[in-house]
1. Report whether or not residue 285 is surrounded by fewer than 18 Cβ atoms within 10 Å (Cβ to Cβ), at pLDDT 95 or above, small (Gly, Ala, Ser) and closer than 22 Å to residue 109 by Cα.
2. Among the residues of segment 125-153, which ones are within 15 Å of residue 39 (Cβ to Cβ), part of a helix (DSSP H, G or I) and free of Cβ contacts under 8 Å to residues at least 60 places away in the same chain?
3. So, of the residues in segment 158-173 that are touching a helix residue (DSSP H, G or I) at 6+ places or on another chain (Cβ under 8 Å) and surrounded by 24 or more Cβ atoms within 10 Å (Cβ to Cβ), which turns out to be nearest to residue 106 (Cα to Cα)?
4. Tell me, please, whether a residue that is of a type outside the set (A, V, I, L, M), modelled with pLDDT under 95 and not in a helix (DSSP H, G or I) can be found in segment 41-52.
5. Residues that are under 19 Å from the mean Cα position of the chain (by Cα) and free of Cβ contacts under 8 Å to residues at least 60 places away in the same chain, at least 2 per element: which strands (runs of 3 or more DSSP E) completely within segment 154-265 meet that?
6. Might you let me know whether segment 348-364 holds any residue that is modelled with pLDDT of 90 or more and aromatic (Phe, Trp, Tyr)?
7. Is it the case that some residue within segment 213-234 is surrounded by 20 or more Cβ atoms within 10 Å (Cβ to Cβ), within 20 Å of residue 38 (Cα to Cα) and of a type outside the set (A, V, I, L, M, F, W, C)?
8. Does residue 375 satisfy being at pLDDT below 95, more than 22 Å from the chain's Cα centre (by Cα) and surrounded by 21 or more Cβ atoms within 10 Å (Cβ to Cβ)?
Amino acid sequence: MCRVTAPTSRPRQAADACPGVGRPFSAADGSIVRLRPASRPVRVQALAELLELAAGQADPAIQLTSRGALQLRGLPDPLPPGHRDAIRATGLVPSPTHELVRNLVASPLSGLDGRGHADVRPVTDLLDAALCADVELTRLGGRFLFALDDGRGDVICDSFDLGLLTTGAGRCVVLAGGPNRAWELPLAAAVPRMIALAHEFVQRIAGDESTWHVDELTEPLGPEPATEINVPSRPERPLGAVGEHAVVAVPLGLLRPEHIVALARVTDRVRVTPWRSLVIEDAAAALPELEAAGLVTHGGSPWTRLHACTGLPGCARSALDTRSLARRLAPVLPAGRLPVHVSGCERRCGTPSTAYVDVLAPTSLDDALATITLAQPDTTPRRVVPSIRDGRDHSRGEGKRETAWT
């Protein structure tokens, strides 16, 4: 079984600053905009159009976030109306009023690989539509997260505010804040129950924008009686061929021009996962072509273990260009079990949710390699840092997440 830890609360004075098209975040390298596909397919043409807005940058890319969102940074600040119009024209902002609250993650392979108890794609679409149709739920804020798991345990093991876990044919449990508060329901009743719980949350916070999560309420959310459930063990995250379909990881979560060109030759749409990877239907045969473009197709790649914060020039706090160092590090990364995270400062943004090798502001490639080598013999991280759920510093466009173990 997997242990899902509760979010770490901290005093707050104001609402979250999660960026969107209507509310960009001003960072050291310009405006940051985040787009939330809500676990729905994303057109490759829309990705190409987004990347055109960043084409003049030295290192143009679309960032994939840990909530399955797409992020552009380094845009003009303030963001010109023409840029807003171009982003909205991609179709990735179906509701301008609800863009910040469409935080939905769902089992990315649901309905494709025969696993799970039910296909949650229709439920995800219904929830997204119900959320966008409800004016009051714009008060949820940009950090409130819905998680819909088809029973395999891939998204329900991570933190969420309201969750759904299918348990059998036409059955599910709806959860509030974690496995300790759950209600068994017919699957057809799940969306109304989740919307009702979301309403209760916004009524309970009564306009207090410093309360972001269900776990931060003084009294439990939802009706009695509630129960406690055991969530499934976290499965391996597939990579490569899954039947006729393909799953490819994106190095450093940065979708680059060459990736999008290769994707366009293979498919017209992809599904973004919360693990900085893409699900591509009917594309297993195209894996060699996708790998040649720099996407990751097998578990032996160093990019399955190598992570980095935003670093320079996007983050003014950073002591180095972490991405450049990570790219030089990848070909010579020592073998090991643990993830390796390169941080540009003590804040260590974007760290993995498990134990990891902590490479903090190395002065050189040799310094980074020495740190990793020292950590590998007993597979113990040099320093394991429990991170804070949603304690994101949006000047980096990345975030720290709570610690969870399997």
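1. Yes: the conditions hold for residue 285.
2. Residues satisfying the conditions are 129, 132.
3. Among them, the one singled out is 164.
4. no
5. 162-168, 245-249
6. Among the residues of segment 348-364, at least one is modelled with pLDDT of 90 or more and aromatic (Phe, Trp, Tyr), which makes the answer yes.
7. yes
8. For residue 375, the condition - at pLDDT below 95, more than 22 Å from the chain's Cα centre (by Cα) and surrounded by 21 or more Cβ atoms within 10 Å (Cβ to Cβ) - is met.
The values are calculated or read from the model by the stated rules, or taken from the named source; none is laboratory data. Predicted model only: the values in this text are computed from it and were never measured. For neighbour counting, all protein chains shown are included, and Cβ atoms are generated from backbone atoms with ideal geometry for every residue, glycine included.
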